[in-house]
1. For the range A:89-99, does any single residue satisfy the condition of being surrounded by fewer than 17 Cβ atoms within 10 Å (Cβ to Cβ), closer than 30 Å to B:H93 by Cα, of a type in the set (S, T, N, Q) and without any contact (Cβ under 8 Å) to a residue 60 or more places away in the chain?
2. Taking the range A:1-14 as the region of interest, how many residues are surrounded by 20 or more Cβ atoms within 10 Å (Cβ to Cβ) and farther than 16 Å from B:T132 by Cα?
3. If I filter the range B:110-120 for residues that are away from chain C (no Cβ under 14 Å), in contact with a Pro (Cβ under 8 Å, 6 or more places away or on another chain) and in a helix (DSSP H, G or I), do I get at least one hit?
4. Could you list all residues from the range A:123-137 that are part of a loop (DSSP other than H, G, I, E, B) and buried (at least 20 other Cβ atoms within 10 Å of the Cβ)?
5. Out of (1) in contact with a strand residue (DSSP E or B) (Cβ under 6 Å, 6 or more places away or on another chain); (2) under 24 Å from B:V120 (Cβ atoms), the odd one out for A:V135 is which?
6. Quick one: in the range C:53-74, which of the residues that are at pLDDT 95 or above and farther than 13 Å from C:V34 by Cβ is surrounded by the fewest Cβ atoms within 10 Å (Cβ to Cβ)?
7. Identify all residues within the range C:15-29 that are at pLDDT 95 or above and crowded, with 18+ Cβ neighbours inside 10 Å; write none if there are none.
8. Can you tell which of C:G53, C:G25 is over 16 Å from the mean Cα position of the chain (by Cα) and of a type outside the set (S, T, N, Q)?
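The values are calculated or read from the model by the stated rules, or taken from the named source; none is laboratory data. Every value quoted in this text rests on a predicted model; they were computed, and no experiment measured them. Every residue, glycine among them, receives a Cβ derived from its backbone with ideal geometry; neighbour counts consider all protein chains shown.
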Amino acid sequence: MSEKLPKTALTPATHTTPPAKFSHGVRKGNILQVAGQVGFGPAAEGQAPTPVGPGLREQTLQTFANVEAILKEGGASWDDAVMVRVYLTDTAHFAEFNEIYNEYFASLQEAPAARTTVYVGLPAGLLVEVDTLAVLG
Amino acid sequence: MSEKLPKTALTPATHTTPPAKFSHGVRKGNILQVAGQVGFGPAAEGQAPTPVGPGLREQTLQTFANVEAILKEGGASWDDAVMVRVYLTDTAHFAEFNEIYNEYFASLQEAPAARTTVYVGLPAGLLVEVDTLAVLG
Amino acid sequence: MSEKLPKTALTPATHTTPPAKFSHGVRKGNILQVAGQVGFGPAAEGQAPTPVGPGLREQTLQTFANVEAILKEGGASWDDAVMVRVYLTDTAHFAEFNEIYNEYFASLQEAPAARTTVYVGLPAGLLVEVDTLAVLG
């Protein structure tokens, strides 16, 4: 007889439609899971999703912005993140990625999330993908 | 003095024995984690686990069935899934995979889970691996 | 008016400083997330992190020890782990990795964690990376 926890899809207005039946983010109870985000710029009607700039910095910052929009949509912030999964395509990007990471997260109030970084294949043109698990409350 | 949460291994009868000391799925409290599933057909005594068909479609549908059996064993369903992690081996499979995904999840009642798709190496013959995090309640 | 859950960074004394603004582990409520660990030996002042031994066995055992130290720092143990994510670099390592895995986890009291194993790129010299999600209570 316990009440069923609501499960909410998180879909920021800036986001392009997912290419399949999944949510950009979902919240159930105090768990918020952000789907893999890449460096696509804000959705533009009638235009295929396109990564911003060819470089790692632009793509990474846009990716973080995309994750953050989903966190916010679910009532959370980076301070609630417990895990950041980072998918890069080239081990040579690690040092630059970390620089960008440190700048971006310089003003965190809470303990930084844990992180795993691995090197995988991504669709052509994409250099980085990030997903995030947050615990609210 | 709080009671310890029970932790339960989820082992559907159809599943082959894991190749090491891990569980196909585990539930603790309202968290249910499904281990990486691949397109192995139902366990047959004295036979090594073998992927069904050589094609992406057959393997993907069997993989989803294998995940679903574990969710059910733990009292959950795809509607409780908050994250689906997809490991493919070839970026050229993305479009076909999404078609299969959309068909398979067409009848979801709740918000679809978030998803991350990356391209990795898998043992020879396997084209897809999927794991899933569910939150019950 | 509900009290905010504390979020705690888990930083064992033996661990080298993370190469960026993330935590080796973080606990919030009953969720404990361990960041990707590799086979770095104990931190030594003025020395860059170095993997122990060149072999899979040494690196794997050190990696497990590094995960375990973080679990302990957060008041947990392997028995609380619900998911172990394993990143190997070579499918030929699977059988040996499983042997080491089975030995290492032989004395688990609770149901073993779920596991996903995929093959990715890692920085030069590293053969294995592991992260872990635990649910306490």
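1. yes
2. Step one: filter the range A:1-14 for residues surrounded by 20 or more Cβ atoms within 10 Å (Cβ to Cβ), giving A:7, A:10.
Right, trim to farther than 16 Å from B:T132 by Cα and you get A:10.
Here the count works out to 1.
3. no
4. A:L127
5. The one condition A:V135 does not meet is (2).
6. Among those residues, the one meeting the criterion is C:G55.
7. Within the range C:15-29, C:F22, C:S23, C:H24, C:G25, C:V26, C:R27, C:K28 meet the criteria.
8. Exactly one residue qualifies, and that residue is C:G53.
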